1. Dipole size in debye (nearest 20) for the chain around its Cα centre, Lys and Arg Cβ +1, Asp and Glu Cβ -1?
2. Can you give me the relative contact order of the chain as a percent, contacts being Cα pairs under 8 Å and 6 or more apart?
3. Within a 10 angstrom radius of the beta carbon, how do SER217, SER14, SER192, SER54 rank from fewest other beta carbons to most?
4. With an 8 Å cut-off on Cα pairs and a minimum separation of 6 or more residues, tell me the relative contact order of the stretch 144-214 in percent.
5. Can you tell me the FRET efficiency between LYS189 and ALA117 if r is taken as the Cβ-Cβ distance and R0 is 51 Å, rounded to the nearest 0.05?
6. Could you tell me the center-to-center distance, by alpha carbons, between the stretch 96-114 and the stretch 177-199 in angstrom?
7. Hey, got the dipole for the stretch 144-214? About the Cα centre, +1 on K and R Cβ, -1 on D and E Cβ, debye to the nearest 20?
8. Say the dipole of the chain comes from +1 at the beta carbon of Lys and Arg and -1 at that of Asp and Glu; which of SER99, LEU211, HIS52 then lies farthest toward its positive end?
Amino acid sequence: MNSVVRRNRNVFVSLLASETPHLLPHLEDITLAPNQRLQRAGERIDYIYLPHNSVIALVASGNPSVEFAMLGYEGILGGAAGFGVSDAICDATVRIGGSASRITPDRLQTALAGSEALRRAVTAGEATLAMKAQHAAVCNTLHPVEARLSHLLLELSDRLESEELPVTQAALADALGVQRTTVTLVIGKLQSSGALACGRGRVRVVDQNALVQNTCSCHDHGRRLAAKLVPAVRESVVTPVRGGDGAGVALA
Ligand SMILES: [Zn+2]
């Protein structure tokens, strides 16, 4: 997958390119490293991030901190800065390293001022994150670890468009807010059933249907949310096809 196709998997990048092409020189392509902190709650937002094949974890800071959403190519981190919100409302850390674009708040504000479609899209993206946060509160409180882990692995697999997930058990425990030993036990059970295979620093989804059977209702809920995300954006881009190499539209 070439870099132009990869960056255009992010619907906000595609929309920025089509609606405000004069700002493209200010859209910087970068590589995000695993565990890199992108923003901290209460501190100034320096950049808005648009993942291509990377995945960002959004974390409500506290003791302990709780991850409430992840963002991949479908998302935008810090979109509220485009509307003048200067400080981050949560922590954000790179869960899976990879490529992304970033733009400064003042440039995004310029883009939003010039495009109604972009304003609608970013507003919808922020609203979707708020809904995810509410739903995560329910999931983290009421649903068992095995269901939540299955949901998490399916979400990662969807965003990476791969069954091979470069993630450690420690990172999974961190994401779920549980002890690593708990994750080890649940993964062992899923391995025994043939749903997963694990190696050093990676998990492979062997039987996706088995994970779907194991997960909670949050999986369907999340997919319905994603399907509703920004109709105007979806009309302007080609929906990525799992495993395909031709998703997205060219910038030039
Ligand atoms: Zn759930």
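1. On the way: 24 positive and 23 negative charges, 54 e Å.
For this selection, approximately 260 debye.
2. Working: 461 pairs, mean separation 61.1, N = 252.
Result for the chain is 24 percent.
3. Values: SER217 13, SER14 22, SER192 9, SER54 25.
The most exposed by this proxy come first: SER192, SER217, SER14, SER54.
4. Values: 78 pairs, mean separation 26.9, N = 71.
Over the stretch 144-214, the number comes to 38 percent.
5. Working: r = 46 Å, r/R0 = 0.91.
For LYS189 and ALA117, the calculated efficiency is 0.65.
6. 37
7. Value, rounded to 20: 280 debye.
8. LEU211
Every read-out reported here was derived from the displayed coordinates using simple, explicitly stated rules and does not represent laboratory data. All values reported here derive from a predicted model rather than from experimental measurement. Note that each Cβ is placed from the backbone with ideal geometry, even for glycine, and that neighbours are counted across all protein chains shown.
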